[in-house]
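Written out below as structure tokens is the structure these notes cover.
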Amino acid sequence: MIDFLLKHYSLLTYSVELLAALTGVCVFKKYRSVSVRYFIYFLILVFICDSLNSYTSFVKPNLALEFLIGTKFEKNFWWSNIYWSIGAIMFFSFYYRLVLKNQKYKSYIKILSYSYLIFSITYIILNWTAFFISNFIVLELLGAFIILVCVALYFVEILNSDRILNFYKSISFYISATIFVWWLIITPLTFYDVYFVYEVGIGHFDKDFLVLRNFVYLSANIFMYLTYTFAFIWCKPENE
């Protein structure tokens, strides 16, 4: 079973991403007047960016992108660093500033997110070569911290308001709970990414770790995107 899932890793991942995005599009009319519409845009963009991330499949002899072999763009670390390690964090910071009511909480998130953006750009400039051959553990950990802060502030606000009475109907609750669990699962793997490092011309990786890593990522992604799909259908728009 595990071998089958890993063999179709990309297909399964893209399928659940597309399912969530298309479901969001189908129910867009229901959420178009609230902040959730931006989350639907985000899911569509994630699917597009992940699809573009697979360009490395064509960076091989006699294929369309053969000319990238031996260049900085041969691997896709640079792209994932931009759209996920930075882009996703900035989006969720923006989203929670829309969802939260407490102005102090919004200010905290705004300060954290822009500080993170400035730090990320500076860190990339100072580590320009590594930007193309590896993921930045520092950015992943800081990004996870910001996500956890956003979710924690959302839950605190919910607990201190009347919205706690109908939390199970709130799509923002499902988004928050899901992204919280996803990041808790994925973040620990960051510490072990030293076993999966790419250097120009040489790939160094532990095969057993790679299998475990891919299985955890696949399981977490299926859980996350199926939960989003369910939430789009089940939940009702909140008054903002």
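Details
- Being surrounded by 17 or more Cβ atoms within 10 Å (Cβ to Cβ), aliphatic (A, V, I, L, M) and touching a Cys at 6+ places or on another chain (Cβ under 9 Å) is a description that does not apply to Val59.
Here is a yes/no grid of residues against (1) basic (Lys, Arg); (2) surrounded by 16 or more Cβ atoms within 10 Å (Cβ to Cβ):
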position	(1), (2)
Val16	no, yes
Phe39	no, yes
Ser93	no, yes
Tyr96	no, yes
Lys104	yes, no
Ser107	no, no
Tyr114	no, no
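- Leading residue by the ranking (modelled with the lowest pLDDT) among those in the stretch 16-40 that are within 18 Å of Thr178 (Cα to Cα) and either in contact with a strand residue (DSSP E or B) (Cβ under 7 Å, 6 or more places away or on another chain) or hydroxyl-bearing (Ser, Thr, Tyr) (or both): Ser35
- Enumeration of residues in the stretch 116-157 that are surrounded by 18 or more Cβ atoms within 10 Å (Cβ to Cβ) and among the β-branched types (Val, Ile, Thr): Ile124, Ile146, Ile147, Val151
- Spans of helices (runs of 4 or more DSSP H) in the stretch 1-118 with at least 3 residues farther than 25 Å from Cys150 by Cα and within 18 Å of the chain's Cα centre (by Cα): 9-26, 36-53
The values are calculated or read from the model by the stated rules, or taken from the named source; none is laboratory data. Note that the structure is a prediction, hence the values are computed from the model and not measured. Neighbour counts are summed over all protein chains in view; Cβ atoms, including those assigned to glycine, are modelled from backbone coordinates with ideal geometry.
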